[in-house]
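These notes are about the structure you will find just below.
The values are calculated or read from the model by the stated rules, or taken from the named source; none is laboratory data. As the structure is a computational prediction, the values presented were derived from the model and not from experiment. A quick note on method: Cβ atoms are made from the backbone with ideal geometry, for glycine too, and the neighbour counts reach across all protein chains shown. These area figures cover heavy atoms from the full protein model, side chains too; ligands, DNA and RNA do not enter into them. Shrake-Rupley method; radii C 1.70, N 1.55, O 1.52, S 1.80 Å.
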Amino acid sequence: MRIAVVAVGKLKEPYFQAAAEEYLKRLRPYAEVRVVEVPDQDLARGEERARRTEAEAVLRALPEGAHVVALDARGVQRSSEEFAERLSALALDGRSSIAFVVGGSAGLDPVVLERADETLSLGKMTLPHQLARVVLLEQIYRAFRIARGEPYHR
């Protein structure tokens, strides 16, 4: 399985960078996972304009033919077990390429949400987009461990 995490902005804090790198390293035996960062825009020029410009970059960065999952507060909430089941179901359906989209500070433009095949919420609480990326990577790792019956999930 090939997984792309298309994220708006860079991980600026060293502790977020270290956490993301750790989960990417842990994921290597399970899947080809890569992070594609697109530039975030200055919100001082307007949130709508920033989201629109970021959306153009996100749409260009999506792998062709990928099943697109946008992270959005209004998306489906899943337990870790349900998330593992969903990834397994996508694989069984022949979806070998999945792209997760993590928006920037202003969220995702509606055009990205319309392009998405599904939306996923990491919970009702608002997370900084940098932390959301780390949580997503951890949950992808956890999903593979759950699907294989490995002990990390405990």
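Residue separation times 0.36 nm, minus the C-alpha to C-alpha distance between Glu150 and Glu21: what's the value?
Numbers: separation 129, 0.36 × 129 = 46.44 nm, distance 2.10 nm.
44.3 nm is the gain from fully extending Glu150 to Glu21.
A Förster distance of 25 Å, applied to the separation of the beta-carbon atoms of Arg74 and Val36, puts the FRET efficiency at 0.60. Seen against the Cα atoms of the chain and their longest principal axis, helix 14-27 is set at about 40 degrees. In order along region 34-48, phi translates into HN-Hα couplings of 9, 10, 10, 9, 10, x, 7, 10, 5, 6, 5, 8, x, 5, 5 Hz, rounded to whole numbers, per the Karplus curve 6.51 cos²θ - 1.76 cosθ + 1.60 with θ = phi - 60° and x for Gly and Pro. Note: relative contact order over the chain, using C-alpha pairs below 8 Å and six or more positions apart, is 33 percent.
Report the calculated FRET efficiency for Leu127 and Ser96 (r = Cβ-Cβ distance, R0 = 22 Å), to the nearest 0.05. Present the calculation step by step, with values, prior to reporting the outcome.
Values: r = 29 Å, r/R0 = 1.30.
Computed FRET efficiency for Leu127 and Ser96: 0.15.
In the full protein context, region 54-148 carries 48 Å² of accessible surface per residue, based on a 1.4 Å probe and ignoring ligands, DNA and RNA.
Please work out the FRET efficiency for the pair Glu85 and Arg2, using the Cβ-Cβ distance as r and a Förster radius of 25 Å; give the result to the nearest 0.05. Write out the running numbers ahead of the final one.
Values: r = 20 Å, r/R0 = 0.78.
The formula returns an efficiency of 0.80 here.
For the pair region 1-32 and region 111-148, the centres of their Cα atoms are 12 angstrom apart.
Please sort 113-121, 100-108 by packing, taking for each peptide the average over its residues of neighbouring beta carbons within 10 angstrom, highest first.
Numbers: 113-121: 15.7, 100-108: 22.4.
Listed from highest to lowest mean packing, they are 100-108, 113-121.
Give the angle, between 0 and 90 degrees and rounded to the nearest 10, that separates the Cα long axis of helix 129-147 from the longest principal axis of the Cα atoms of the chain. Taking the Cα atoms of the chain, the angle to 129-147 is about 20 degrees.
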